[in-house]
Amino acid sequence: MKTNGNTILLSGGGSGIGRELAQRWHDAGNVVIVTGRTLASLEETAKGRANIHPMALDVGDAAAIQAFAAAVLARFPALNVLVNNAGIMPLEDIAKPRDLSRAEACVTTNFLGPIRLTDALVAHLSAQADATIVNVSSGLAFVPLASAAVYSATKAAIHSWTDSLRFALAGKVEVIELAPPAVQTELTPGQSTREGYMPLDEFIDEVMGLFAQQPTPELIGVQRLGFLRNAEAEGRYAETFAMLNTPHT
């Protein structure tokens, strides 16, 4: 992936990892379009940065994605990078019946959203020079968290789908997976100050260094990701799963 001179569309750009990536890419010399459900948070991301452009979009709305794709390409025909970052992480007890609306929204936002947005833009991207798709998964794609079982499953699905997408678009579009470990953001309540989670600025620093490598790694994984990513290969999956899912007092 080129480090500058891109026109980047990034979903989930109103907070956390998405906001930081948008600002770093802007400051490196890229035009960045940020999307999300709340225009005010997108405008906060763009504040003081002339080449960050907020455009509201709910990636859970299939019809809205089609209309958005037409609008963004009309306004930004040089678009050559798509970053599927938007996601939600409901914490639920899956051992008992419950209202499934949060689980269904998680699947729609985290998995169907990237599929639909990619589908709406893939023909355009395939015709662009230096085209790239970045799909954001999670360390929980490799070892799930039972209290976020549906979220973990969507991220495992993103990991699998990204491999297939990379194969299908070989020679046309570079396809990269970004898999964060536990990072201090507001993805879940209190997470931004949770002890043991990676500080957001440290995470972004390491990620930007990995994106700058040539060739860019197919999977952008900071050093901390190895604990989860390599658990199965290193023969410690069961131990890691138990450690991750044992309540700490």
How about region 122-140: which of its residues are touching a residue at least 40 places away in the same chain (Cβ under 8 Å) and of a type in the set (A, V, I, L, M, F, W, C)? VAL122, LEU125, ALA129, ALA131, ILE133, VAL134, VAL136, LEU140
Out of all the residues in region 141-174, which are surrounded by fewer than 19 Cβ atoms within 10 Å (Cβ to Cβ), hydroxyl-bearing (Ser, Thr, Tyr) and in contact (Cβ under 8 Å) with a residue 24 or more places away in the chain? SER147
For region 109-140, how many residues are of a type in the set (S, T, N, Q) and either farther than 28 Å from PHE227 by Cα or surrounded by fewer than 17 Cβ atoms within 10 Å (Cβ to Cβ) (or both)? 3
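Name the strands (runs of 3 or more DSSP E) wholly within region 16-131 that hold at least 2 residues that are closer than 26 Å to SER152 by Cα?
Working: elements: 31-36, 52-56, 81-84.
Once the strands (runs of 3 or more DSSP E) in region 16-131 are filtered for at least 2 residues that are closer than 26 Å to SER152 by Cα, what remains is 31-36, 81-84.
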VAL81 vs. criteria crowded, with 24+ Cβ neighbours inside 10 Å, within 23 Å of ASN110 (Cβ to Cβ) and in contact (Cβ under 8 Å) with a residue 60 or more places away in the chain: yes
Could you grab me the full set of residues in region 147-206 that are under 21 Å from GLY226 (Cβ atoms), part of a helix (DSSP H, G or I) and β-branched (Val, Ile, Thr)? ILE158, THR162, ILE204
Exactly one condition in (1) surrounded by 17 or more Cβ atoms within 10 Å (Cβ to Cβ); (2) at pLDDT 95 or above is false for PRO181; which is it? (2)
For HIS26, are the conditions met, namely being surrounded by 14 or more Cβ atoms within 10 Å (Cβ to Cβ) and either more than 18 Å from the chain's Cα centre (by Cα) or free of Cβ contacts under 8 Å to residues at least 24 places away in the same chain (or both)? no
List the pairs whose first member sits in region 59-77 and is on the phi < 0 side of the Ramachandran plot, whose second member is acidic (Asp, Glu), and whose Cβ atoms are under 8 Å apart, counting only residues at least 6 apart or on separate chains? ALA64/ASP58
Considering only region 207-234, state which residues are under 24 Å from THR132 (Cβ atoms) and not in a helix (DSSP H, G or I). ALA212, GLN213, GLN214, PRO215, THR216, PRO217, GLU218, LEU219, ILE220, GLY221, VAL222
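Give the residue that is modelled with the lowest pLDDT, with candidates limited to residues of region 194-240 that are among the aromatic types (Phe, Trp, Tyr) and under 23 Å from the mean Cα position of the chain (by Cα). So that I can check it myself, show each step before the final result.
Initial filter on region 194-240 (among the aromatic types (Phe, Trp, Tyr)): 197, 203, 211, 227, 237.
Narrowing further to those that are under 23 Å from the mean Cα position of the chain (by Cα): 197, 203, 211, 227.
Details: TYR197: 81, PHE203: 94, PHE211: 97, PHE227: 95.
Restricting to residues being among the aromatic types (Phe, Trp, Tyr) and under 23 Å from the mean Cα position of the chain (by Cα), the top hit is TYR197.
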For region 92-105, pairs from a residue that is more than 24 Å from VAL59 (Cα to Cα) to a residue that is hydrophobic (A, V, I, L, M, F, W, C) and not in a loop (DSSP other than H, G, I, E, B), with Cβ under 7 Å and 6 or more apart or across chains, are ILE94/ALA149
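The values are calculated or read from the model by the stated rules, or taken from the named source; none is laboratory data. Bear in mind that the values here come from a model prediction, so they are computed numbers and not experimental data. For neighbour counting, all protein chains shown are included, and Cβ atoms are generated from backbone atoms with ideal geometry for every residue, glycine included.
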